[in-house]
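What follows is a short report on a single structure.
The values are calculated or read from the model by the stated rules, or taken from the named source; none is laboratory data. Note that the structure is a prediction, hence the values are computed from the model and not measured. Positions of Cβ are generated from backbone atoms using ideal geometry, with glycine treated the same way; all protein chains shown enter the neighbour counts. Accessible surface areas use protein heavy atoms only, side chains included; no ligands, DNA or RNA. Shrake-Rupley method; radii C 1.70, N 1.55, O 1.52, S 1.80 Å.
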Amino acid sequence: MEKNFLPYSRQDISEEDIQSVNNVLRSEFLTQGNVYKEFEKAIATKVKSKYCVSFNSATSALHIACLALGLKKGDILWTTPTTFVASANCAIYCGAEIDFVDIELKTGLMSVELLEAKLCEASKIGKLPKIIIPVHLAGSSCDMPSINNLSKKYGFRIIEDASHAIGGVCNGFSVGSCEYSDITVFSLHPVKIITSAEGGLATTNSKSISDLMRTLSNHGIIKDKNYFIGDNFESWRYEQQSLGFNYRLSDVHAALGISQLERLDYFIKKRNEIANTYKNELTNLPLNFLVPYDFVKSTYHLFIVKLSKSNKEIHENIFNYLRSKGIGVQLHYLPVHLQPFYLNMGFSKGLFPNSEN
């Protein structure tokens, strides 16, 4: 990267972060010690959930969250096209079908109005989704109270993709409290609000879901003899009772996460200050800002602008000009349904015009 290039985001590592990692490197355990447990407990306390399970990435967390809610072949999952591909790929990993609900142009978030209309039509033909994944784009929560109300009417489960939104608030509840969902997933990638270098988290208020996610992230192995299927109880015995994965977060990564968590509130305060500066300084330009709901506190993982008058040429010219000045603007996101993988599944241009716009 060029010396004077300003990326859209980067990690902020303190001496305390470095010391926290060093302490683990000098300890007896680098993985499966106690540090990841301390991190999970600290996250659950921070977001006011009952349980937290850590993962090596948010993608892994999404995959396991879907499995924990029983997503399988023949089921359907809906998410938004305006997201990173992982929000949709997790359905494919489970052998399920995927479909999308378009966004509101004002907020960039899943449209409750379009969701309700689509649910009504899906109900008539017996094609309701088993799971819906609302995506908290740029750090602003979706209208979770309304989506939760629809889940009660139509019987779907909810996984919040809050990869951008740790530390956010919706309707007075911390994002991750799972007040309106079964599971919430966070990302700890270096460009996110806080980082563990690589990592992800899933919070829930269900002990059975938490236990299942932990088992599935650890090869499907059970070590608690109270839950053994067999009758062999030697002290060295463990049982693989299901097909799981090696998705655990190491103690080294967790140590960085614990230290970073102490500065979460500061990071969010700083991001909101930067967002307010953008709003003040760019207000007279021919562009619009995404507007969070008035009952939401955004973490502003991203600050997205929409050009008031644009076509592909104008968009590309502005993008290239800013890049030439060392300003690392990015496009978040290319609509998932227009990626070649999903086009090959039968999706096409024009299906979700707001996301495409």
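A few notes on this one:
- Single residue of ALA202, ALA197 found to be of a type in the set (A, V, I, L, M), in a strand (DSSP E or B) and touching a residue at least 12 places away in the same chain (Cβ under 8 Å): ALA202
- Selection count, the range 304-330, where residues are in a loop (DSSP other than H, G, I, E, B), within 22 Å of ASN4 (Cβ to Cβ) and open to solvent by 50 Å² or more (accessible area, probe 1.4 Å): 2
- Yes/no for LYS41 being open to solvent by 50 Å² or more (accessible area, probe 1.4 Å), free of Cβ contacts under 8 Å to residues at least 24 places away in the same chain and over 24 Å from ARG271 (Cβ atoms): yes
- Single match in ILE229, ILE222 (criterion: open to solvent by less than 40 Å² (accessible area, probe 1.4 Å), in contact with an Asp or Glu (Cβ under 9 Å, 6 or more places away or on another chain), touching a residue at least 12 places away in the same chain (Cβ under 8 Å) and more than 30 Å from ILE18 (Cβ to Cβ)): ILE222
- When the range 1-59 is filtered for residues that are more than 28 Å from ASP182 (Cα to Cα) and among the basic types (Lys, Arg), the ones remaining, listed by number, are LYS3, ARG10, ARG26.
- Residue match in the range 152-161 (condition: in a loop (DSSP other than H, G, I, E, B), under 22 Å from SER57 (Cβ atoms) and in contact with a helix residue (DSSP H, G or I) (Cβ under 9 Å, 6 or more places away or on another chain)): no
- Unique residue being closer than 25 Å to ILE13 by Cα, among the charged types (D, E, K, R) and surrounded by fewer than 21 Cβ atoms within 10 Å (Cβ to Cβ) when the list is GLU198, GLU179: GLU198
- Of all residues in the range 232-258, those that are of a type in the set (Asp, Glu), crowded, with 20+ Cβ neighbours inside 10 Å and in contact with a strand residue (DSSP E or B) (Cβ under 8 Å, 6 or more places away or on another chain) total 0.
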